[in-house]
Amino acid sequence: MSASLLLSSSSSSSSSSSSSSSSSSSSSSSRVRPAVVLGGLALGVVLSRLGFTDWGELHRMLTLSDLRLVGAFGVAVVVTVVGLRLLPVGALLPDRPLHKGIIPGALLFGVGWALSGACPGAAIAQLGEGRLTAVVSVVGVAAGSALYQAIARLRSLPSASTLEASAQAPAPPGVACA
Amino acid sequence: MQYWDFLLGGVALGLVAVGFVAAVRRPLGVSGAVGGLVGAPGGDAGPGLGAPLSRVEQAAFLAAIAVGAGLSALLAGTWGQLDGAAIASRGFGPASLGLGPVFAARFGDGALGWAVVGGGAVLVGVGTQWARGCTSGHGLMGVARLQKGSLVATAVFFGTAIIASVLVDVGLGGR
């Protein structure tokens, strides 16, 4: 129901701001592609039916005492390998190279995943399943993500010599600074 | 509750990922959508790729995950009866968390347990943004394309999750 709310609100806003080009420009368009919603729905169903949202099932996977979910993930990777080979767009997807955040980020993620039983997708699926613990998980994932993004923004601030220029740059729309 | 077996579940998960790429012409990634909503810079457009998800689309995508899982739980007759949702019927007693016997034996079913879930989730948020990907973007999409960053990230997060889970079990006598 919340998805349909978002859909209706977006369609109304896109009709009001129809001047922005929707084909080439990306972030300015507020049209919701149905495939994005369908993909989310299907992902939620599968995560739930797999038991990927179940702390006990995940724990048995990660202690290797039940290989069902390990096997499922392996099968999913194989299906994805084959599918992306068959799709022309599969070769166009952006690279995922090594970067400085890979190892420390994955370390934190692994520990947090084992403790909370929630990867980002599973936390949201848990919420949909009506699990009360997921309220804490979703808020935690969002807070941690926001914390990282805030730190990343601070660290990418320009040096002191250009601070004055950058302070004038992010003027909110509607605020005249002429 | 009866879960899908590994073959059905694995094929379904793979088809979801491939179907998403075919229809949206972008990689599937949950943490990317979460990051976009909390302030990450937008994704890169590329030749032959679909437009990066707008914030509205990111919100719709995440909401749809919840709705899909909710429909699944409704059909299974388990909606609202899992984990801490049973608080309403059981009261805020020692068994309020309800994440199962292993979790309860290690962390209890009270305040410590809630703190572990919340603290772990914060680590998930920081870690997936830092690594720029999670189980879907790195573990599934990136590994399937043999991307170096994703292979390393997935080995590290699976490895540390396995170590952490084994440590959770230490001294519990193999429950």
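The values are calculated or read from the model by the stated rules, or taken from the named source; none is laboratory data. None of the values given here were measured: they were computed from a predicted structure. Here the Cβ positions follow ideal geometry from the backbone for every residue, glycine too, while neighbour counts run over all protein chains shown. In case anyone asks, the SASA skips ligands and DNA or RNA and just uses the protein heavy atoms, side chains included. Shrake-Rupley method; radii C 1.70, N 1.55, O 1.52, S 1.80 Å.
Restricting to region A:104-138, name every residue that is hydroxyl-bearing (Ser, Thr, Tyr) and over 17 Å from the mean Cα position of the chain (by Cα). Show your work before the answer.
Applying the first criterion (hydroxyl-bearing (Ser, Thr, Tyr)) to region A:104-138 yields A:116, A:133, A:137.
If the condition is that a residue be hydroxyl-bearing (Ser, Thr, Tyr) and over 17 Å from the mean Cα position of the chain (by Cα), then A:116, A:133 are the ones that fit.
Looking only at region A:47-72, residues that are out of contact with any helix residue (DSSP H, G or I) (no Cβ under 7 Å at 6 or more places or on another chain) and closer than 12 Å to residue B:6 by Cβ come to 1 in all. Of B:21, B:11, all but one fail to be assigned to a helix (DSSP H, G or I), more than 24 Å from residue A:150 (Cα to Cα) and open to solvent by less than 20 Å² (accessible area, probe 1.4 Å); the exception is B:21.
Those helices (runs of 4 or more DSSP H) of region B:99-175 in which 2 or more residues are touching a His at 6+ places or on another chain (Cβ under 7 Å) occupy B:148-169. Within region B:160-175, the set of residues being without any contact (Cβ under 8 Å) to a residue 60 or more places away in the chain, open to solvent by 30 Å² or more (accessible area, probe 1.4 Å) and at the interface with another protein chain (Cβ under 7 Å from one of its Cβ atoms) comprises B:162, B:166.
Hey, does region A:96-103 have a residue that's under 22 Å from the mean Cα position of the chain (by Cα) and either of a type in the set (Asp, Glu) or in a helix (DSSP H, G or I) (or both)?
First pass over region A:96-103, keeping only residues under 22 Å from the mean Cα position of the chain (by Cα): A:96-103.
Add one more test, that the residue is either of a type in the set (Asp, Glu) or in a helix (DSSP H, G or I) (or both), and what stays is A:102-103.
Yes: region A:96-103 contains one or more residues that are under 22 Å from the mean Cα position of the chain (by Cα) and either of a type in the set (Asp, Glu) or in a helix (DSSP H, G or I) (or both).
Quick one: which residue in A:106, A:72 is within 7 Å of chain B (Cβ to nearest Cβ), farther than 13 Å from residue B:128 by Cβ, in a helix (DSSP H, G or I) and not polar (S, T, N, Q)? Break it down stepwise before answering.
Working: A:106 fails: farther than 13 Å from residue B:128 by Cβ.
Result of the check over A:106, A:72: A:72.
How many of the residues making up region B:123-133 are open to solvent by less than 10 Å² (accessible area, probe 1.4 Å) and either of a type in the set (Lys, Arg) or within 19 Å of residue B:25 (Cα to Cα) (or both)?
Residues in region B:123-133 being open to solvent by less than 10 Å² (accessible area, probe 1.4 Å) and either of a type in the set (Lys, Arg) or within 19 Å of residue B:25 (Cα to Cα) (or both): 1 in total.
The residues in region A:79-91 that are assigned to a helix (DSSP H, G or I), within 7 Å of chain B (Cβ to nearest Cβ) and of a type in the set (A, V, I, L, M) can be counted, and the count is 4.
Condition check ((1) surrounded by fewer than 24 Cβ atoms within 10 Å (Cβ to Cβ); (2) more than 19 Å from residue B:116 (Cβ to Cβ); (3) without any contact (Cβ under 8 Å) to a residue 60 or more places away in the chain; (4) β-branched (Val, Ile, Thr)) across all residues:
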| residue | (1), (2), (3), (4) |
| --- | --- |
| A:110 | no, no, yes, no |
| A:117 | no, no, no, no |
| A:126 | no, no, no, no |
| A:130 | yes, yes, yes, no |
| A:137 | no, no, yes, no |
| A:146 | yes, yes, yes, no |
| A:149 | yes, yes, yes, no |
| A:152 | yes, yes, yes, no |
| A:155 | yes, yes, yes, no |
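Within the span defined as region B:41-50, every residue fails to be buried (at least 21 other Cβ atoms within 10 Å of the Cβ), touching a residue at least 12 places away in the same chain (Cβ under 8 Å) and facing chain A (nearest Cβ under 7 Å). Of the residues examined, residue B:14 is not one that is within 7 Å of another protein chain (Cβ to nearest Cβ) and within 19 Å of residue A:141 (Cα to Cα).
Residue count for region B:144-154 satisfying the condition of being open to solvent by 30 Å² or more (accessible area, probe 1.4 Å) and either in contact with a helix residue (DSSP H, G or I) (Cβ under 8 Å, 6 or more places away or on another chain) or in contact (Cβ under 8 Å) with a residue 40 or more places away in the chain (or both): 3.
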